[in-house]
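A.B. asks: This structure is in structure tokens; I'll ask about it shortly.
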Amino acid sequence: MLAIMVQVAFVVHQTALFLPMLGLQGAGVAVLLTASMAATSRIVMGFFVDGLDQRRLGAVLLGTQAMSLFAVIKLGTPLAAYLASAVFGFAVGVMITLPALLIQREFPPSAFGMLSGLTLAIIQTGNAFGPSIFGGLKDATGSYTAPIVVCMALEIAATALLLQRIGPARNVGRDGSRR
């Protein structure tokens with residue numbers, strides 16, 4: 001939920017964030033890069049995501065998102081904004097489907113429906129609050145630096161949580177087969 005909350009918050013505020021630096025057309029290009037990379041990553045990763053350690057993959061993607069957010073506030077250049085948008089978007093595409101993949105891999109098939117519904121409800125709650133929190137922090141501080149720092153912290157927290165195995169998991173090999 002934390003990761004997807006950050007993703008929704010960033011995407012909702014992306015145009016306003018980049019408008020002063022890139023202008024209207026440049027901010028539109030940044031949004032296009034984010035969306036294009038999200039679609040591309042879902043297709044590309046779909047070919048081999050089942051053979052990967054999905055928890056580690058998620059951790060790497062969240063780490064790259066945190067780094068891309070850091071580049072936005074630290075570098076503050078058009079090139080950094082475009083590259084950060086592309087990197088952030090690539091992770092968005094995979095992270096959208098990752099919760100269902102993890103449930104499928106780590107729990108028995110009979111629990112998939114219930115756990116998917118519960119997970120989606122939790123994620124949607126975060127989606128509802130993410131953009132408001134991001135915007136509220138921006139309004140309270142007068143810049144996007146504080147919300148981006150908070151988003152980076154949430155991405156790091158999500159990474160730590162993702163790498164923790166909570167409860168028993170099925171004994172599944174890297175290829176998805178049960179052992």
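A.B. asks: Along its three principal axes, how long is region 2-163 when you only count alpha carbons? Whole Å, largest extent first please.
C.D. replies: 50, 32, 23
A.B. asks: For region 93-99, in order, what is each residue's ³J(HN,Hα) by Karplus, 6.51 cos²θ - 1.76 cosθ + 1.60 with θ = phi - 60°, in whole Hz (x at glycine and Pro)?
C.D. replies: x, 7, 5, 5, 9, 4, x
A.B. asks: Right, here's the next one. List M45, M114, M21 from most exposed to least, where exposure is judged by having the fewest other Cβ atoms within 10 Å.
C.D. replies: Fewest-to-most Cβ neighbours within 10 Å comes out as M114, M21, M45.
A.B. asks: Per residue of region 18-34, what does 6.51 cos²θ - 1.76 cosθ + 1.60 with θ = phi - 60° give for ³J(HN,Hα)? Whole Hz please, x for Gly and Pro, Karplus curve as stated.
C.D. replies: For region 18-34, the Karplus curve yields 8, 4, x, 7, 10, x, 5, 5, x, 5, x, 5, 4, 5, 4, 4, 4 Hz.
A.B. asks: Would you pull out the residues with amide H under 5 Å of F107's amide H, same chain only if 5 or more places away, H placed 1.01 Å from N?
C.D. replies: R170
A.B. asks: While we're on this one: With contacts defined as alpha carbon pairs under 8 Å and 6 or more residues apart, what's the relative contact order of the chain in percent?
C.D. replies: 38
A.B. asks: Something else about it: Using a Gaussian network model of the chain whose springs link C-alpha atoms within less than 10 Å, name the residue from L75, L33, L83 with the highest mean-square fluctuation.
C.D. replies: Highest fluctuation of the listed residues: L75.
A.B. asks: Can you compute 3J(HN,Hα) from phi for each residue in region 100-116, using the Karplus curve 6.51 cos²θ - 1.76 cosθ + 1.60 with θ = phi - 60°, rounded to whole Hz and x for Gly and Pro?
C.D. replies: 5, 5, 5, 4, 4, 6, 9, 10, x, x, 5, 9, 4, x, 5, 5, 5
A.B. asks: Note the full-extension length gain between A128 and L32 as 0.36 nm times their separation in residues minus their Cα-Cα distance, in nm to one decimal.
C.D. replies: Extra length from A128 to L32 when fully extended: 32.3 nm.
A.B. asks: A further question on this structure: Where the Cα atoms of region 76-131 are projected onto their three principal axes, how long is each span, largest first, in whole Å?
C.D. replies: 49, 25, 10
A.B. asks: Ok, one more. For the chain, modelled as a GNM with alpha-carbon contacts under 10 angstrom, which of F129, F70, F18 fluctuates the most?
C.D. replies: So, out of F129, F70, F18, the one fluctuating most is F129.
Read-outs: derived from the displayed coordinates by stated rules, not from any lab. This is a predicted model, so every value here is computed, not measured. So basically every Cβ, Gly included, is an ideal-geometry build from the backbone, and we count neighbours across all protein chains shown.
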